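What follows is a short report on a single structure.
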Ligand code: UD1
Ligand code: UDP
């Protein structure tokens, strides 16, 4: 088989690493990097740390409004698909790079494989929700991480070639967890004590692009004395600067640049609590059994909400603080597969 994989944003590099490893044992994969993320610590570092083969095509699309960014990707990916004539085109998750890859392939009658299919927040104001719905509806193979995702697709009458194979991010965590423990020096570098700090990540547009939401979030953080480490996404950094909001009122805060995956796994596993709006980080908190507070109104990862393992708080200062201060003791029962999602994906495609 010849498969084109379209990638572009940080979480996609992490999801693709385990699948690509298995795929390349017996098949040809060409990687197209759209260039949606381009800073070294948002892109190159993941290729290096996770041994992802160098992209065969780099489109250097960069940042921009949705139309411009996605449109440029569509044009460039189309040229490559016409030239390479792949058997399948594979996309991950819900970014603009996902939608662009899926749309091009569907129009050229190349079957689309969507990994992390079927997730829904039921909030179409999120760009990710639009991207997911569109991608799922033009995909030929839909690989879901949970039964909830399967049911979401059933509700939209998508039942053909839908498989729950578990979560490829769980594969990635199992594969890299020990390596992270061996290699990462992030705790010492930032004088962090195991279980003595909270880990923060915030980057979703519904938070960063709303001044009041960011004010609330910072107000809540200003009332938390525990040490907090915040690897800051460039979107958030730019937005805070444009709002003129500074972080001086937040005590014991260490803002650092985005970190590589091994450092991130180390931060996640050693945090006391995780405060995030990231999809991937919510799950990693769950996999590593670290209580999570999610600064969003909805989550696609509803399984993580059981027994308050993850608490959804939106942007109310009070709710954020209550959740951070709440003692929780969940049993972490939810299932995200057996760490072999990547093998299952490749086997299923091979059989067909
Ligand atoms: C994108 C995805 C989001 C995902 C996130 C993962 C869409 C619509 N959103 O959001 O679902 O959760 O990636 O991290 O696809 N920037 C840099 N350097 C970079 C990348 C971005 O400075 O390497 C800055 C630019 O100012 C850019 C902004 O971040 O305008 C936003 O980047 P963009 O890729 O448009 O969206 P993300 O917020 O990263
Ligand atoms: N991540 C990372 N370094 C960071 C922040 C996040 O390696 O500084 C990883 C994180 O562990 C997870 C993925 O990036 O695997 C999540 O991506 P992100 O939060 O950017 O996007 P989302 O999952 O919300 O789409």
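The values are calculated or read from the model by the stated rules, or taken from the named source; none is laboratory data. Model, not experiment: these values are computed from the prediction. Cβ placement follows ideal geometry from the backbone for every residue including glycine, while neighbour counts extend to all protein chains displayed.
Among the residues of segment 233-249, the ones that are at pLDDT 95 or above and either crowded, with 18+ Cβ neighbours inside 10 Å or touching a helix residue (DSSP H, G or I) at 6+ places or on another chain (Cβ under 6 Å) (or both) come to 6 in all.
Being surrounded by fewer than 19 Cβ atoms within 10 Å (Cβ to Cβ) and modelled with pLDDT of 95 or more narrows it down to one of 270, 252, so name that one.
252
Just wondering, is there one or more residues in segment 120-132 that are within 16 Å of ligand 2 (Cβ to nearest atom), in contact with a helix residue (DSSP H, G or I) (Cβ under 6 Å, 6 or more places away or on another chain) and within 23 Å of residue 22 (Cβ to Cβ)? No, segment 120-132 contains no residue that is within 16 Å of ligand 2 (Cβ to nearest atom), in contact with a helix residue (DSSP H, G or I) (Cβ under 6 Å, 6 or more places away or on another chain) and within 23 Å of residue 22 (Cβ to Cβ).
The residue pairs whose first member lies in segment 49-65 and is in contact (Cβ under 8 Å) with a residue 60 or more places away in the chain, whose second member is assigned to a loop (DSSP other than H, G, I, E, B) and away from ligand 1 (no atom under 13 Å from the Cβ), and whose beta carbons are closer than 6 Å, counting only pairs six or more residues apart or on different chains, are 49/260.
Scanning segment 73-90 for any residue that is within 16 Å of ligand 2 (Cβ to nearest atom), crowded, with 19+ Cβ neighbours inside 10 Å and either modelled with pLDDT of 95 or more or within 20 Å of the chain's Cα centre (by Cα) (or both) turns up nothing. Does segment 56-71 contain at least one residue that is assigned to a helix (DSSP H, G or I), within 16 Å of residue 134 (Cβ to Cβ) and over 21 Å from the mean Cα position of the chain (by Cα)? The answer is yes, given that some residue of segment 56-71 is assigned to a helix (DSSP H, G or I), within 16 Å of residue 134 (Cβ to Cβ) and over 21 Å from the mean Cα position of the chain (by Cα).
Between 214, 232, 264, the distinction of being touching a strand residue (DSSP E or B) at 6+ places or on another chain (Cβ under 6 Å), within 15 Å of ligand 1 (Cβ to nearest atom) and either closer than 27 Å to residue 43 by Cα or free of Cβ contacts under 8 Å to residues at least 60 places away in the same chain (or both) belongs to 232 only.
The sole residue among 99, 89 that is touching a strand residue (DSSP E or B) at 6+ places or on another chain (Cβ under 9 Å) and in a helix (DSSP H, G or I) is 99. Residue 137 meets each of the listed conditions (1) over 26 Å from residue 45 (Cβ atoms); (2) surrounded by fewer than 17 Cβ atoms within 10 Å (Cβ to Cβ); (3) touching a residue at least 24 places away in the same chain (Cβ under 8 Å) apart from (3). If you filter segment 7-43 down to residues that are surrounded by fewer than 17 Cβ atoms within 10 Å (Cβ to Cβ) and either without any contact (Cβ under 8 Å) to a residue 40 or more places away in the chain or farther than 19 Å from residue 259 by Cβ (or both), you find that the one that is nearest to ligand 2 (Cβ to nearest atom) is 40. Scanning segment 177-202 for residues that are touching a strand residue (DSSP E or B) at 6+ places or on another chain (Cβ under 9 Å), surrounded by 14 or more Cβ atoms within 10 Å (Cβ to Cβ) and assigned to a loop (DSSP other than H, G, I, E, B) turns up 190, 192, 202. When 109, 160, 151, 137 are checked against the criterion of being on the phi > 0 side of the Ramachandran plot, at pLDDT 95 or above and out of contact with any strand residue (DSSP E or B) (no Cβ under 8 Å at 6 or more places or on another chain), 109 stands alone in meeting it.
Contact annotation: residue pairs with Cβ atoms under 7 Å, 6 or more positions apart or on different chains, pairing a residue in segment 155-173 that is assigned to a strand (DSSP E or B) with a partner that is surrounded by fewer than 20 Cβ atoms within 10 Å (Cβ to Cβ), are 162/150; 163/348; 164/147; 164/150.
Reported count of residues in segment 190-211, each being within 14 Å of ligand 1 (Cβ to nearest atom) and closer than 17 Å to residue 251 by Cα, is 1.
Results for (1) closer than 28 Å to residue 343 by Cβ; (2) assigned to a strand (DSSP E or B), shown as yes or no for each residue.
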| site | (1), (2) |
| --- | --- |
| 103 | no, no |
| 106 | yes, no |
| 125 | no, no |
| 143 | yes, yes |
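Scanning segment 324-346 for residues that are loosely packed, with under 13 Cβ neighbours inside 10 Å and over 20 Å from residue 288 (Cβ atoms) yields a total of 1.
Based on this model, can you work out whether residue 94 counts as closer than 23 Å to residue 300 by Cβ and in contact with a helix residue (DSSP H, G or I) (Cβ under 7 Å, 6 or more places away or on another chain)? Yes; evaluated as a whole, the condition is true for this residue.
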